[in-house]
Amino acid sequence: QVQLVESGGGLVQAGGSLRLSCAASGRTFSSYTMGWFRQAPGKEREFVAAISWSGGSTRYADSVKGRFTVSRDNAENTVYLQMNSLKPEDTAVYYCAANFQGGITTTLRRYDYWGQGTQVTVSS
């Protein structure tokens, strides 16, 4: 019922910036929280950031706090992840996910729908 499509990934030098977008369709008038997760080579998928329906509440992993900013534009059915001061360890496939079952959460299994991911590669 819900489709999520990430975009904006690519190759960037350490210290650079990227802005990821996640466009939602199919259930765009329903309230939902949105999370960003990432999975690096040889690593488990991990929480990055999350935002409530209103945008009034956000959560960040300690590893990205102060560098990444999550935001959303419900009129455009889009959630963003602004990534600044990128480090090689940020290299991963980044996924957006939607949770329709409650408030903001950092728990992967609480999310109901997932995008296909977008590759972010940060070179030294």
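The values are calculated or read from the model by the stated rules, or taken from the named source; none is laboratory data. This one's a predicted model, so the numbers in the text were calculated from it and none came from an experiment. We place every Cβ from the backbone using ideal geometry, glycine too, and count neighbours over all the protein chains shown. Please note that ligands, DNA and RNA were not included when accessible areas were found on the heavy atoms of the full protein model with its side chains. Shrake-Rupley method; radii C 1.70, N 1.55, O 1.52, S 1.80 Å.
THR78 fulfils the conditions (1) open to solvent by less than 60 Å² (accessible area, probe 1.4 Å); (2) in contact (Cβ under 8 Å) with a residue 40 or more places away in the chain; (3) within 15 Å of the chain's Cα centre (by Cα); (4) under 17 Å from THR121 (Cβ atoms) except for a single criterion, (4). Exposed (fewer than 14 other Cβ atoms within 10 Å of the Cβ), more than 17 Å from GLY117 (Cβ to Cβ) and modelled with pLDDT of 90 or more: does that describe SER17? Here the answer is yes, as SER17 does meet what is asked. Could you please find all residues in the stretch 108-124 being more than 11 Å from the chain's Cα centre (by Cα) and either at pLDDT below 95 or under 20 Å from VAL5 (Cα atoms) (or both)? LEU108, ARG109, ARG110, TYR111, ASP112, TYR113, GLN116, GLN119, VAL120, THR121, SER124, listed by residue number. In the set (1) in contact with a Lys or Arg (Cβ under 7 Å, 6 or more places away or on another chain); (2) in contact (Cβ under 8 Å) with a residue 60 or more places away in the chain; (3) more than 19 Å from GLY9 (Cβ to Cβ), the condition left unmet by GLY103 is number (1).
Of all the numbered requirements in (1) open to solvent by 40 Å² or more (accessible area, probe 1.4 Å); (2) closer than 16 Å to GLU89 by Cβ, VAL48 misses one, and that requirement is (1). Taking residues in the stretch 106-124 that are touching a residue at least 24 places away in the same chain (Cβ under 8 Å) and farther than 13 Å from SER21 by Cα, and partners anywhere that are open to solvent by 70 Å² or more (accessible area, probe 1.4 Å) and among the charged types (D, E, K, R), the pairs with Cβ atoms closer than 7 Å and at least 6 places apart or on different chains are THR106/ARG59; LEU108/ARG45; VAL122/LYS87. Within the stretch 73-83, the residues that satisfy the criterion of being of a type outside the set (Asp, Glu) and over 16 Å from THR105 (Cα atoms) are ASN74, ALA75, ASN77, THR78, TYR80, LEU81, GLN82, MET83.
Restricting TRP53, TRP114 to those that are within 24 Å of GLY10 (Cα to Cα), open to solvent by 60 Å² or more (accessible area, probe 1.4 Å) and among the hydrophobic types (A, V, I, L, M, F, W, C) reduces the list to TRP114.
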